[in-house]
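The values are calculated or read from the model by the stated rules, or taken from the named source; none is laboratory data. These numbers were taken from a predicted model, which means no experiment stands behind them. Because the Cβ atoms are built from the backbone with ideal geometry, glycine has one as well, and the counts that use them run over all protein chains shown.
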Amino acid sequence: MEVRWSIFLIIFGCALVTFIPRVLPIAVLSRVELPEWAMRWLNYVPIAVMAALVGQELLMPNGKLVPLQHNLELIAALPAFITAIVTRSLLGTVVAGIVSIMVLRFVF
Amino acid sequence: MNISENTLLREENSFLAGVRDCLPTVLGYLSIGFAAGVVEKTAGLSIVEIGLISLLLYAGSGQFIAAAMIGANSPALAIIFTIFFVNLRHLLMSAAISPYFRHLTPSKNIFIGSLLTDETFGVAMNEAAGKKWLNEKWMYGLNITAYLNWFIANIAGAFFGEWISDPEKFGLDFALPGMFIGLLVLQLASRRKLLKDVLVALSAVAVVVGVSLVTSGSVGIIVATIIAATIGMAVEKWK
């Protein structure tokens, strides 16, 4: 039940270098009027970042490209995608994905 | 009921609406946070240190990597430098969310930004679809719920982790990709430019795989976001 100085400094340092990119743009950019092209670019950031995260999670779950025929995660993603499109429910999508991967891992 | 009470009630409702809109991400973050707690415990962190890292760093992949590096006795500066790059994607999300909080003071913007995560960003951008700005109290409700949930999950993982031998058997590791899929589809559905959005999404996937193979996963996310968003901007300009 103690906090070591060395660990505290690591945690504090990590927190600081995470805090700055989190707050700097929202604190500064919301003060200024951005040009139209910049707004258009920012408008595509949510799609781009979410797609990149999905792609990375599904195609290279452990940092390496998984051969498609061995990729159960990719198959489990299908019911998750369909559930998301049909129900528009975030929780439903998560549950569909978890159940699918559980069944797939049990079967294969 | 007079006007000020009415306003107060509405503000309170917004906060609760934010809490409610956070609930779908709770299960996903609970399992990831639990796993993070287990990894942190295994890396030799005490319960108090785990509490601190979840409250101060407050970042899923960042905590996994920090814990692994602490466990491996990496030098402090190497850990901090790595975490900086792993979490640099927040820069882009913070910029993308900034137009919706123009009406707030800098200190409120800092408070909102400090609790920004992949999930709260995804939920907030869905809420923002078709709006000019986001409600401040709603954002607090969303952020604080996610924050507390993350802290509780980390501590729970640290306490009970040793009793759960194989979380993958229950498919809980799929909660994270499942959540990203849901957030992506909700984004695509809430905007009226499906063709361009799908093009941007596919570009992001292609770039993230290519770049991650030669550099690292976190660099991959940042490069993919920049290139794919630029493609979207260019296509919209020229069409």
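List of remarks:
- Condition check for B:G60: at positive phi and of a type outside the set (S, T, Y): no
- Positions within the range B:117-143 being in contact (Cβ under 8 Å) with a residue 40 or more places away in the chain and within 11 Å of the chain's Cα centre (by Cα), in sequence order: B:T117, B:D118, B:E119, B:T120, B:G122, B:V123, B:N143
- Output for the range A:46-82, where each listed residue is modelled with pLDDT of 90 or more and more than 8 Å from chain B (Cβ to nearest Cβ): A:N71, A:L72, A:L74, A:I75, A:L78, A:P79, A:I82
- Residue ID - nearest to the other protein chains (Cβ to nearest Cβ), chosen from residues in the range B:135-154 that are surrounded by fewer than 20 Cβ atoms within 10 Å (Cβ to Cβ) and farther than 21 Å from B:E12 by Cα: B:F151
- Only listed residue being of a type in the set (A, V, I, L, M, F, W, C), within 7 Å of chain B (Cβ to nearest Cβ) and more than 20 Å from B:L23 (Cα to Cα), chosen from A:I101, A:I85: A:I101
- Checking each residue in the range A:24-41 for being among the aliphatic types (A, V, I, L, M) and buried (at least 21 other Cβ atoms within 10 Å of the Cβ) picks out A:I26, A:A27, A:L29.
- Some residue of the range B:155-167 being facing another protein chain (nearest Cβ under 7 Å) and either modelled with pLDDT under 95 or closer than 22 Å to A:A51 by Cα (or both): no
- Taking the range A:7-30 as the range and being of a type outside the set (A, V, I, L, M, F, W, C) and either more than 7 Å from chain B (Cβ to nearest Cβ) or within 21 Å of B:A229 (Cβ to Cβ) (or both) as the test, the residues that pass are A:P21, A:R22, A:P25, A:S30.
- When B:K132 is tested against (1) more than 9 Å from chain A (Cβ to nearest Cβ); (2) modelled with pLDDT of 95 or more; (3) more than 25 Å from B:V38 (Cα to Cα), only condition (2) is not met.
- Only helices (runs of 4 or more DSSP H) whose full extent lies in the range B:36-116 are considered here, and the ones with at least 2 residues that are in contact (Cβ under 8 Å) with a residue 60 or more places away in the chain and either more than 7 Å from chain A (Cβ to nearest Cβ) or surrounded by fewer than 21 Cβ atoms within 10 Å (Cβ to Cβ) (or both) are B:47-56, B:60-71, B:76-86.
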